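Inspection log for the structure reproduced underneath, given as structure tokens.
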């Protein structure tokens, strides 16, 4: 893939003494669907705005296809943005909104008409040319914003929570469409969101950000399955974080961890770790067995709460160590024998149990910062 | 929750006040304008019954506004002064409002306070200040002599149209800037970023986004100051005082305070109101629209 | 399409010259021309007034040549020509204060009731009444002045030109301002508090007195002060309804004096008006801030707009 390669080098943005972005290094190869994921105030939008050129970095560099763009004003960057609230010009109709950038680039009238037509076709809005933004639904406005940015054939498209204003159902549909669109046009998408599901669904790779720093950069499966830090594990949904003491690897190379009086084996994460740490397991990976079952990695406990979720049942289990964990069991139609108050044994399979690096949330992410990737 | 009759009862005293002291007085202008003149004392005899209306004063007044008529030149002059003053207000006021709204940054609140300040210094006080400065021995002329820009500076305060126009600008520009500023503040900042993002240079973003979006703001602000400017008589009187620079307002003032022809004055007032009716209607529509938006 | 992207977007390394030009144009900074125009305007709009106030402290008799500082001469020091000792100046001061005070006391309650009534009354006459309320805001003052002058001359002949007529005129144009300010506050507080009070068993009268009135207090106070300020600044209505020298207000006096050879005492009189207005507005602002403390920011916005925007 050539074109649309973005590189951020030691990027810092300070507002007064507050550092919104605190030294970010990222390499995004051309044609990738890349997401910046984090809660509000983590610096993801500021990062995006620096790439677009709306904010000037305090220090560091932004390279687009190997060229330093740090001092280039936004209208001279081959990067276009889909704004959070779309920022469609209320005084212009759909056609003129989409044609705005082409006219700035002094494209001829016939060419403008042709390309606007193409762009509207791409987002399935042919026939809406003369509508004003106010006369369109949120989803349609969103498509206009997309067409308006894509018609300029940018090498990178920046999207700032573009689905945030839409209702859940429409958001789901548009997630799939956006991904298809990105594959169709083949350019780099940099997508800012606080919604982990959105990021996991669409992205090729995700950077999880916290307090102006990148915690982990990886593909969605890896982020979800192998969170590198406590923050990432915590941010990506419920993941049963438990305080534990690691005692180094055993003969099989798995980490020996002590959870209260129980000694467990953890087959994932940094297995040579020792000392106080946190371990995690996804709710859907915990196996509940009837009380008294034995074997490795089994901890007794009691079902405290039973919540029906429709496609699954969520159980809150209090372990004998005092920790509370969530267990997710698929609703297969069979009866689930573990009602409230049932004593059980929770099986935390070693191959699903992960030892985490506790970065103290704000600590720099030592792991997963794959500058040299691709 | 509240009894139904409560709200009309609340509104009633105010509504009656406005009927008695706004609508009825306006009808008094009509009555006098279409009334007769007492043959002995030459005083107006108002006609309250529309069937008894006498159209003499009115038709004479209207005829005066035709080219070559009695009021033709004064009408032209008024329009000309107002138009030039409006243009200057726009040329000075727009950049100021634009800067304070978009780029003032940390100094925005102090600038806002400074822009609001002239609002609350009486118009007459500001005119007094202006006259002090431009008097033959005032600072302006001393400065012109001292710097040798004009060794014999003009007499600003006797029939100088430049002074009248500048006086109008000085008097009314605060009322132009503030509503325009409010209109510019309402423009979503992300629209400008979108324009820049789509390849517009700062000036293109201004001309293709900010300017068209502030059109109604400019129009509203212009109407707000055009209305009192058309009715102004004190500004030309204070800074010029010469018939050479008098405006329609001066003419009305003269008919009431200078000559015994209130019926002509009333007719002239009526013609002025009709002439300004479009502007007034526009202004009222914008106010009620703003109120509906606040309500929503 | 990717091929096209690459071809249509040739990227060049920025030369040192380009870097310099970008720096000079300062694409993220403030346009320097606008900075200049703005501060120049602020200077020109305010400095003449400051100069005029300065001359109210002139030790000499000139309003254009500075002859030394005297704090009190033209306010009360001069036994003949100071504001306090010149009977015509003193009476204009009192006339202005009297009109502003009476206007405040009449227009504010009337306007508050009108605002509440107009905002909530849904009847056949509510639309036209709302419309009527806007008229005084858009009518050029000379038209209102002529109309009031003629109506007391030919119809309400029991009213003489003079203080009473002036007060009636001032209340008429102040009313709409009160309505605009109070209505803004009414919309920003909404109906929820009153509904809560009714839900908790308050009678309509109690709801009005114990919930709505206290919530409207900030707007009522700003109305009082703004009415005071616009009344004391008014020239046209006061002039058309004046009975002659006896009911001259400060602006009328200034108007008369500018064409003659004015003494600094006129500047002192005008300066007093500025002090009064600014004190009233400062008080209104502080009270408004004090009374709406703890509310979400932005709700006080209509105060600024009531004071500046649109009016």
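Each value in this text was obtained by applying a stated rule to the coordinates, not by laboratory testing. Keep in mind that what you see is a predicted model, and the values were worked out from it rather than measured. Don't worry about glycine lacking a Cβ; one is built from the backbone with ideal geometry, like all the others, and counts go over all protein chains shown.
Spin-label pair residue B:43-residue A:103: with each label point 7 Å from Cα along the Cα-Cβ axis, the two points sit 6.5 nm from one another.
Counting only other chain Cβ atoms within 10 Å of each residue's Cβ, the peptide C:205-214 averages 1. Rounded to the nearest 0.05, what FRET efficiency do residue C:159 and residue C:261 have when you use their Cβ-Cβ distance and R0 = 30 Å? It comes to 0.25.
Put simply, the Cα atoms of segment B:82-240 extend 56, 37, 27 Å along their principal axes, the longest span coming first. At an R0 of 35 angstrom, the distance between the Cβ atoms of residue A:221 and residue A:15 translates into a FRET efficiency of 0.50. Helix A:138-150 and the longest principal axis of the Cα set of chain A meet at an angle near 70°. Which distance in Å, rounded to a whole number, links the C-alpha centroids of segment B:41-102 and segment A:114-159? Cα centres, segment B:41-102 to segment A:114-159: 49 Å. Look at where the Cα atoms of segment C:208-239 and of segment A:168-219 average out, and the two centres are 55 Å apart.
From least to most packed, judged by other beta carbons within 10 angstrom and beginning with the fewest, C:205, C:84, C:121 follow the order C:205, C:84, C:121.
Spin-label pair residue A:110-residue C:293: with each label point 7 Å from Cα along the Cα-Cβ axis, the two points sit 7.1 nm from one another. Between the Cα long axis of helix A:168-185 and the first principal axis of chain A there is an angle of about 60°, rounded to the nearest 10. For segment B:92-131, the share of alpha carbon pairs falling in successive 5 Å distance bins from zero is 6, 22, 21, 20, 16, 11, 4 percent.
Cβ-to-Cβ counts within 10 Å put B:120, C:39 in ascending order as C:39, B:120, the fewest first. If the segment from residue B:56 to residue B:284 were pulled out straight at 0.36 nm per residue, it would be longer than the present Cα-Cα gap by 78.9 nm. Max-minus-min Cα coordinates of the protein assembly as shown on each principal axis give 125, 75, 63 Å, with the largest extent listed first. Please list, in order, the residues from segment B:211-233 whose amide nitrogen is less than 16 Å from a point placed 7 Å along the Cα→Cβ vector of residue C:187. It comes to no residues whatsoever. Hey, for a label at residue C:209 modelled as a point 7 Å past Cα toward Cβ, could you say which residues of segment B:1-37 have their backbone N under 20 Å away? Flagged as within label range: B:1-7, B:9-11. With neighbours defined as other Cβ atoms within 10 Å of a residue's Cβ, the residues B:57, A:294 order from fewest to most as A:294, B:57. FRET efficiency for the pair residue B:76 and residue B:142, taken as 1/(1 + (r/R0)^6) with r the Cβ-Cβ distance and R0 = 41 Å, rounds to 0.70.
Placing a pseudo-label 7 Å from each Cα along the Cα-to-Cβ vector at residue C:17 and residue A:307 gives an inter-label distance of 6.6 nm. Ordering C:52-60, C:65-73 by mean Cβ neighbour count within 10 Å, with the highest value first, yields C:52-60, C:65-73.
Could you check how many percent of all C-alpha pairs in segment A:67-132 are farther apart than 16 Å? Show your work: numbers first, answer last.
On the way: 1185 of 2145 pairs.
Cα-Cα pairs in segment A:67-132 separated by more than 16 Å: 55 percent.
Plainly put, segment C:91-157 has a radius of gyration that is 1.06 times its Kirkwood radius, both from alpha-carbon atoms, as the Rg/Rh ratio. Against chain A, whose longest principal axis is taken from its Cα atoms, helix A:94-104 shows a tilt of about 70°.
Over chain A, with a single point scatterer placed on each C-alpha, what log10 of the ratio I(q)/I(0) does the Debye formula yield at q = 0.14 1/Å? Debye intensities relative to I(0), on a log10 scale: -1.13.
Using the Kirkwood radius over Cα pairs, work out the Stokes-Einstein diffusion coefficient for chain C at 37 °C and 0.692 mPa s, in µm²/s as a whole number.
Numbers: Rh = 23.5 Å.
D = 140 µm²/s.
Going by average Cβ density within 10 Å per residue, which order do the peptides B:190-196, A:153-159 take, highest to lowest? Intermediate results must be reported in sequence, preceding the final value.
Working: B:190-196: 22.6, A:153-159: 25.0.
Answer by packing, highest mean first, reads A:153-159, B:190-196.
Dividing the helix sum by the residues of chain C, where each DSSP H run of 4 or more adds -39500 (n - 2.57), gives a mean residue ellipticity at 222 nm of -22500 deg cm²/dmol. Counting only other chain Cβ atoms within 10 Å of each residue's Cβ, the peptide B:164-173 averages 1.
Treat chain B as a sphere of radius equal to its Kirkwood radius over Cα pairs and apply Stokes-Einstein at 25 °C in a medium of 0.890 mPa s; give the translational diffusion coefficient in µm²/s, rounded to a whole number. Numbers along the way, then the final one.
Values: Rh = 22.6 Å.
Translational D for this selection: 108 µm²/s.
Suppose we take every Cα in segment A:1-55 and form the convex hull; what volume per residue is that in Å³?
Numbers: hull volume 4.2 nm³, N = 55.
Value for segment A:1-55: 76 Å³ per residue.
For the pair residue C:65 and residue C:243, the difference between a 0.36 nm per residue extended length and the Cα-Cα distance amounts to 60.6 nm.
Given 25 °C and 0.890 mPa s, how large is the Stokes-Einstein diffusion coefficient of segment C:17-159 in µm²/s, with Rh as the Kirkwood radius over Cα pairs? Can you show the working numbers first?
On the way: Rh = 21.9 Å.
In µm²/s, the coefficient rounds to 112.
The mean count of C-beta atoms from other chains within 10 Å of the C-beta of residues in C:248-261, rounded to a whole number, is 4. Over the C-alpha atoms of segment A:259-334, the Rg to Rh ratio, Rh being the Kirkwood estimate, stands at 0.99.
Out of all Cα-Cα pairs in segment A:1-108, roughly what percent, to the nearest whole number, are more than 17 Å apart? Show your work: numbers first, answer last.
Numbers: 3460 of 5778 pairs.
Summing the P(r) of segment A:1-108 above 17 Å gives 60 percent of all pairs.
Take every Cα pair under 8 Å whose residues are at least 6 apart in sequence, average their separation, divide by the length of chain C, and the relative contact order is 25 percent.
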